[in-house]
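Student: Below are the structure tokens for one structure; questions will follow.
Each reported figure results from applying straightforward, stated rules to the coordinates on display, with no laboratory input. For clarity, every value in this text was computed on a predicted model and none was experimentally measured. Cβ coordinates were reconstructed from backbone atoms using ideal geometry, including for glycine residues, and neighbour counts include every protein chain displayed.
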Amino acid sequence: EEKLSYFQEFIQKRNLNIQTEIAEFTIYANRSLVEILVNNLFSNAIRHNYDGGSIRITLAEDNLVFSNTGTQIGLDPVKIFERFYKDNTSDGTGLGLAILKQVCLRQNYELSYYYQREQHHFKIAFKRSENKNQMAKR
């Protein structure tokens, strides 16, 4: 919700329809790394969308999913997480999704991508019990 407010100007500029379904729960994680994840997901969903498109954010106890319409059909679910990989329409650096992958590895989350019903879906699955034990050791 905090990041939704932060990106509101960009969302309004593109006239994007935002839907959220956010559950309340506690997650044990490095706040800075989680902020990088959410910032990156928001940024990509806005930048690679089209004016008047949509973004749906679902946060549940075991996962976070960003779904968005976009100018491109499905992407290669393996290559998109490689450093410097960009499709022909991207004006980015090709680092954003590679950073997501590294943060997820560090936090012991599972990152996946799929394209369904003309929407791009990025899913981060939390491994809560392992994550809690990892944070307790620090």
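Student: Would you mind counting up the charge near Glu35? Only other residues with Cβ under 10 Å from its Cβ, with Lys and Arg at +1 and Asp and Glu at -1.
Tutor: Summing Lys and Arg as +1 and Asp and Glu as -1 gives +1.
Student: Something else: What does the net charge come to around Ile22 if you take all other residues with beta carbon closer than 12 Å to its beta carbon, with K and R at +1 and D and E at -1?
Tutor: Its environment carries a net charge of -3.
Student: Which of the pairs Lys3/Lys123; Lys101/Lys127; Lys101/Lys123; Lys13/Lys79; Lys3/Lys127 have their Cα atoms more than 19 Å apart in this structure?
Tutor: Cα-Cα > 19 Å for Lys13/Lys79; Lys3/Lys127; rest within.
Student: Right, something else. Simple spin-label model, 7 Å along Cα-to-Cβ: Tyr50 to Ala23 in nm?
Tutor: Between Tyr50 and Ala23, the label points sit 3.4 nm apart.
Student: Still on this structure, please answer the following. Once phi is turned into θ = phi - 60°, what whole-Hz ³J(HN,Hα) does the Karplus curve with 6.51, -1.76 and 1.60 give for every residue of region 98-107, x standing for Gly and Pro?
Tutor: Computed from phi, the couplings for region 98-107 are 5, 5, 3, 4, 5, 4, 5, 4, 4, 8 Hz.
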